[in-house]
1. Under 5 Å between amide H atoms, partner at least 5 residues away or on a different chain: which partners does LEU90 have, H built in plane at 1.01 Å?
2. Which of ILE280, ILE114, ILE264 has the fewest other C-beta atoms within 10 Å, and how do the rest follow up to the most?
3. Just subtract the alpha-carbon distance of VAL91 and SER14 from 0.36 nm times their residue separation and send over the number in nm, one decimal.
4. Give me the lysines in straight-line cross-link reach of LYS341: C-alpha distance below 26 Å, same-chain residues under 8 apart excluded.
5. List the lysines whose Cα lies under 25 Å from the Cα of LYS68, skipping any in the same chain that are fewer than 8 positions away.
6. Please give the charge dipole size of the chain, origin at the Cα centre, charges +1 on K and R Cβ atoms and -1 on D and E Cβ atoms. Round to the nearest 20 debye.
7. Between GLU185 and ARG296, what length comes free when the chain is fully extended (0.36 nm per residue of separation minus the Cα-Cα distance, one decimal in nm)?
8. Skipping prolines and chain starts, which residues have an amide H placed within reach, meaning under 5 Å, of the one on VAL72, given they are 5 or more residues away or on another chain?
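Read-outs: derived from the displayed coordinates by stated rules, not from any lab. Everything numeric here is computed off the predicted structure, so don't read it as measured data. Glycine also receives a Cβ, built like all others from the backbone with ideal geometry; neighbour counts cover every protein chain displayed.
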Amino acid sequence: MQLELLLPALNGLSASVFVVDSDRQILLVNDAGRALFGNDLIGVDFVVAIRNPACLEAINQVLQGDKKSEAVITLQKPVKTTFRVAVASLVSKAEMPQENQPRAVVSLENISHIFEAEQMRSEFVANVSHELRSPLTALNGFIETLKGAARDDEEARERFLDIMEREANRMNRLIGDLLSLSKVEADARVRPQEQIDLRLLIKQAIAVLQPLATRENVELCLSIADDFETLISGDQDQLQQVFVNLVENAVKYGQTGGVVTIAITGKERVVGVRGPAIQIDIIDQGAGIKSEHIPRLTERFYRVDKGRSREKGGTGLGLAIVKHILARHRGRLQVASEIGKGSTFSVFLPR
Ligand SMILES: Nc1ncnc2c1ncn2[C@@H]1O[C@H](COP(=O)(O)OP(=O)(O)OP(=O)(O)O)[C@@H](O)[C@H]1O
Ligand SMILES: [Mg+2]
């Protein structure tokens, strides 16, 4: 059979596919293989094209008589990529391998995304465990003290119980946030259908946060034109969560005695949003955020100032949840900040 007849079919595959002879010389390579490993591969020894001991071993096994073999390899260049290598023999054991005849098929499938997902998952589990352990350790410590040294000290007991309550609340919030994150992720592909009046929804978010703002001596200020149309389709609870989160951050990390402005406007074109959008700016007069932190704010558990966020009862999941909810709504978040002046978190939602 003419090897070249296979090419159109092999070029349709996303994996890199090679055919080699009994000397490991490359006889055929598909488009994907050429794109990754270069154009001048015909006649070249496979190990010269792809220098990797495990890959070589897998090919040699087949050339020495095995029907097939497999390996997982990581190549560092041009970018670090992990491949699943599969080698299959083209001749049966009885057949004599002839020189320069097709002897084996080698395919390399990029599986980096699986590796990365696995790595993210284990980092996430490590983070969650750590975040749960610190309040739990505190609780255990106070329980010990209350059972021992502070048993008959009424004043200490009161104080410790207050701290224990705070720590227990923190765990509760963390678990609540984890649950809503996993719910948003589960719904990621379901388009939200409810008809929502954003103006009303944001007024409700402001009302929810009024007590906190009063405590922090922050003035909440809504700015929107009277005749501005704010009906969109979305998920009521999730969008409520977005604005509560963002306004809460602006109050928590803004300036005491300052103003937090929530401004709603329209925008004809926004990068990353299809069609006209509604823009909601949440503007604070806080300390601002250094530019190197901004791209990382929406990572799970990322906090600029760990101590400050914890002290304010933060879990570091708020903006991660915001980002996922906006993605589900085909919207996006944009952050601008100036040190010493404050930050603006802008939400764009398609109309
Ligand atoms: N308006 C803001 N000004 C300055 N820093 C901010 C602002 N909003 C968020 N940040 C920083 O971004 C970090 C991440 O915010 P995020 O809302 O995800 O977590 P959190 O507020 O710490 O916890 P949670 O929202 O779960 O209670 C915060 O810890 C804070 O350091
Ligand atoms: Mg927050």
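1. For LEU90, the qualifying residues are ALA104, VAL105.
2. ILE114, ILE264, ILE280
3. 25.2 nm
4. LYS203, LYS252, LYS267, LYS290, LYS306, LYS312, LYS323
5. LYS93
6. 160 debye
7. That works out to 38.1 nm of additional length.
8. The list, which skips near neighbours in sequence, is VAL85.
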